Amino acid sequence: MQTSRLFEILYILLNKQRVTAGELANQLGVSRRTICRDIDALSVAGIPIYTEKGKGGGISLLPNFVLNKSILSEQEQNEILSALHGLSNIKTDDTTQVLRKLSTVFNKTTTNWLEVDFADWSHENDFWGQFKTAIIERRIAQFDYYNSYGDKTSRRVEPIQLWFKSKAWYLKGFCLTKQGMRLYKVSRIKNLVVSDEHFPERECLEAADNSAGSHYSEKQIVTLKLRIAPERAYRVFDDFHESMAEKQPDGSFIVTVTWPEDSWVYGFILSFGKHIEVIEPEHIRNIIKDEAEKIAQKHL
């Protein structure tokens, strides 16, 4: 992974006066072209690194350069390690390696203050490292994607960002198949492959930032007023912000929430069973009534 490799190169250069790109490539198991890109990345980051061509040439650091940990305060060092510890929960090997190396540099032991598991109970999702590699190294991702109707399509995507919204992870990216910005729900991505094909940076960062809006712009936004029975009070606190709910004298709750209207909304309401009532709007009330009748017919 690139982050870990950059640290490896820096440590090698700190311990040697000069090294060739070929030697670095052999030691790190990558191509000379990759090493050249890494050297450029280190230079951009402000590391005083330079190269000399010809016999006796190579890659080296300015003689007076040291990796000075004293430029960071005790609190800053702890914050860096804590942040990396949080990132290590997404199970990316390079983050774990960087955490270990910086702990050594700072002469500190880290506390595992945060534990996050993004996998559900049924399976282990190992996409995170692949997504990170594809986004940071700008490599095209290929995968099968299932839409909300269960239809499968094959996609080639220039991934830009992982995005967490409303209890679900999404991948933002430029879809080469559809020639436009798209938002993909991660749980519907299957057979992910990160190719060796790199893509140039597009002038679409603003589009990426606004892709959530474009994702929902095709859907009607609806304000729901729901009555939830006391037996499901725990779900009021699990699923809604307290500002959305008003407790009634009988122990029930009136919840007002604004969502994009789609099949997920209908399924969410139906998941409460008999413990919920749609007060408004009328058309959602009728949809839930029709869906409930269909369910009842299947159980006659």
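Summing charges over all other residues whose Cβ lies under 10 Å from the Cβ of Asp239, with Lys and Arg as +1 and Asp and Glu as -1, gives +2. Applying both filters, DSSP loop and at most 14 other Cβ atoms within 10 Å, to the trypsin sites (Lys or Arg not before Pro) of the range 1-60 gives Lys16, Arg18, Lys53, Lys55.
The Cβ shell under 11 Å around Val30 holds other residues with a net charge of +2, Lys and Arg each +1, Asp and Glu each -1.
Each value in this text was obtained by applying a stated rule to the coordinates, not by laboratory testing. Bear in mind the structure is a predicted one, so any value in this text is a computation, not a measurement. All Cβ positions, even for glycine, are placed from backbone atoms using ideal geometry, and neighbour counts span all protein chains on display.
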